[in-house]
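The values are calculated or read from the model by the stated rules, or taken from the named source; none is laboratory data. Note that the structure is predicted; figures quoted are calculated from it, not measured. Cβ coordinates were reconstructed from backbone atoms using ideal geometry, including for glycine residues, and neighbour counts include every protein chain displayed.
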Amino acid sequence: MASYDLVCDKCGHAFEVFRQGFLKDEDRVCPECGSEDVRQKFSSFLRSLGGAGSGCAPSGGSPFG
Ligand SMILES: [Zn+2]
């Protein structure tokens, strides 16, 4: 059983859906206002994978300096 964090774009209501497998269209409906403008929030574990890029760019200079 997985849980999905969803947020309504219309009224801003955030809610959680428990579903075995992927979300269905019927899950993407706001329980507060009934809007289908519902989007899934990013899972927290994705944030930990984010890197700040590399700082290994060569900055001028000639190898035969
Ligand atoms: Zn709503």
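Filter segment 42-65 down to residues that are of a type in the set (S, T, N, Q) and more than 30 Å from residue 11 (Cα to Cα) and give me whichever is modelled with the highest pLDDT.
Taking segment 42-65 as the starting set, the residues that turn out to be of a type in the set (S, T, N, Q) are 43-44, 48, 54, 59, 62.
Of the ones still in play, those that are also more than 30 Å from residue 11 (Cα to Cα) are 54, 59, 62.
Numbers: 54: 54, 59: 68, 62: 71.
Among them, the one singled out is 62.
What number of residues in segment 9-41 are in a loop (DSSP other than H, G, I, E, B), touching a strand residue (DSSP E or B) at 6+ places or on another chain (Cβ under 6 Å) and at pLDDT below 95?
Qualifying residue count, segment 9-41: 3.
Quick check on my filter: what residues within segment 22-44 are more than 9 Å from the ligand (Cβ to nearest atom) and among the charged types (D, E, K, R)?
24, 25, 26, 27, 28, 36, 39, 41
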